[in-house]
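These notes are about the structure you will find just below.
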Amino acid sequence: MINGPLFTIGKLSVYPYGLCMAAGIICCFVFLYITMTKKNFNEEAIDKLLLFGIFATGFGVFMATVFQALYDYIDDPSGGFKLGEAMTFQGGLIGGVSSFLILWNLYVYVIAPRAKSKILSNHMNAGLCDAIPFVAPSITIAHAFGRLGCTFAGCCHGAETDAWYGIFMHTPDAGYIKVVPTQLFECIFLVLLSVIMIVLYYKFKFNHNFSVYLISYGVWRFLIEYVRDDYRGSFVGGITPSQFWSIVMVVLGIGFIFLWKYVLRNKMKHPELQPPVNSKQKEDEGSEPPVKEQ
């Protein structure tokens with residue numbers, strides 16, 4: 001794999017991992033934008049969902065480093081608490097999702113009902129529940145690019161092997177060796193999962209993709225940890241931190257099925273069933289009473 005930057009512009013070095021990560025985030029938001037447009041989300045709903053999503057992504061990246069630093073500190077307190085040396089995806093997922101939910105509910109239920117300005121008022125024709133069914137594939141799209149970046153960087157690798165499917169990598173902890181390409185396997189898995197969820201949503205109007213994602217990735221990550229051979233920290237019961245959060249993901253995925261069936265699906269506004277918003281309606285949108293999240 002590539003050991004070093006792809007190219008350098010002045011003092012700026014561009015590495016494959018950073019490039020893949022940036023490409024994944026861009027593709028994630030492009031997919032969200034295209035899907036919301038096709039589903040008749042009005043401009044305000046699209047803008048605010050993307051704005052909150054961008055903030056949540058940034059906070060998720062930060063929390064990915066915090067979680068890994070915490071694991072390292074628990075395992076070896078003598079090394080101190082150091083941010084920025086490594087990241088863990090599940091920490092980023094927890095940080096990103098939780099920060100988005102906090103921001104969204106703060107805006108919808110606290111700020112918008114009391115807002116006097118047009119910018120802060122709520123005239124969205126769609127709510128978060130309308131977006132949840134296609135949020136999951138946007139996450140897996142970004143994650144797939146991230147794992148491709150890991151393949152180039154040599155991090156998150158599997159055990160050393162002589163098997164035909166092994167790949168030589170410049171690993172951070174063992175040097176240039178032939179290992180099981182767990183990053184590439186996970187990239188392929190995430191691409192397939194993305195395709196399946198997109199087909200389920202567009203062709204069959206399937207609304208349980210978030211549960212499919214939580215359960216399937218939780219199971220996958222729990223099992224792939226047995227093949228991983230990079231340092232990830234230790235945890236209770238002889239399992240890794242990632243395996244612990246994988247169990248949490250599966251439990252939440254099962255619980256989310258019932259939460260969606262009995263609560264969340266009744267809060268959908270179904271913008272795809274509403275008439276298209278014409279230019280005159282957009283001009284008059286500011287004079288209409290705010291649309292409350294159901």
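The values are calculated or read from the model by the stated rules, or taken from the named source; none is laboratory data. On a predicted model such as this, the values are computed, not experimentally measured, just so you know. Glycine gets a Cβ as well: all are built from the backbone with ideal geometry, and neighbour counts include every protein chain shown. Protein only, heavy atoms only, side chains kept; ligands, DNA and RNA dropped before computing areas. Shrake-Rupley method; radii C 1.70, N 1.55, O 1.52, S 1.80 Å.
Each Cα pair under 8 Å and six or more residues apart adds its separation to the average, and for segment 34-96 the resulting relative contact order is 38 percent.
In the context of the full set of protein chains, segment 3-79 has a per residue accessible area of 56 Å² (1.4 Å probe).
Peptide packing for 176-182, 161-167, 142-148 was compared via the average number of neighbouring C-beta atoms within 10 Å per residue; ordered from the highest value, the list is 142-148, 176-182, 161-167. Taking the Cα atoms only, what angle lies between the long axis of helix 182-204 and the longest principal axis of the chain, rounded to 10 degrees? With both axes taken from Cα atoms, the answer is about 20 degrees.
Just to be sure I understand: if I project the alpha-carbon convex hull of segment 110-259 onto a plane and average over all orientations, what area do I get in nm²?
Projected area, direction-averaged: 12.7 nm².
For the chain, the carbon plus sulfur part of the accessible surface works out to 69%, probe radius 1.4 Å.
Potential lengthening of the chain between TYR202 and LEU273 amounts to 24.1 nm, from the contour at 0.36 nm per residue minus the alpha-carbon distance. Amide H contacts of VAL179: THR161, ILE167, PHE168, MET169, each under 5 Å away and 5 or more positions distant or on a separate chain (H built 1.01 Å from N in the peptide plane; Pro and chain starts excluded).
Subtracting the Cα-Cα distance of SER117 and TYR73 from 0.36 nm times their residue separation leaves 11.2 nm of extension gain. For the peptides 39-45, 245-251, the ranking by packing is 39-45, 245-251, with the highest mean count of neighbouring Cβ atoms within 10 Å listed first.
Here the Debye sum runs over all C-alpha atoms of the chain as equal scatterers in vacuum, and log10 of I(q)/I(0) at q = 0.11, 0.13, 0.14 Å⁻¹ comes out as -0.74, -0.98, -1.10.
A compact globular protein would have a Cα radius of gyration near 2.2 N^0.38 Å; the ratio found for segment 68-182 is 1.57. A simple spin-label model places pseudo-atoms 7 Å from Cα toward Cβ; at LYS178 and THR161 they are separated by 1.2 nm. Near CYS150, once Lys and Arg are set to +1 and Asp and Glu to -1 for all other residues with Cβ below 10 Å from its Cβ, the sum equals -1.
Taking amide H as placed 1.01 Å from N in the peptide plane, ASN42 has its amide H under 5 Å from the amide H of ASN125, ALA126, each at least 5 places away in sequence or on another chain. Each residue, ASP47 and PHE258, gets one label point 7 Å from its Cα in the Cβ direction; the gap between the two is 4.1 nm.
Under the combined filter of DSSP loop state and at most 16 neighbouring Cβ atoms within 10 Å, segment 90-144 retains these trypsin sites (Lys or Arg not before Pro): LYS116, LYS118.
Given segment 4-132, report the % of alpha carbon pairs whose separation exceeds 26 Å. Mind showing how you got there, number by number?
Working: 3311 of 8256 pairs.
Of the Cα pairs, 40 percent sit more than 26 Å apart.
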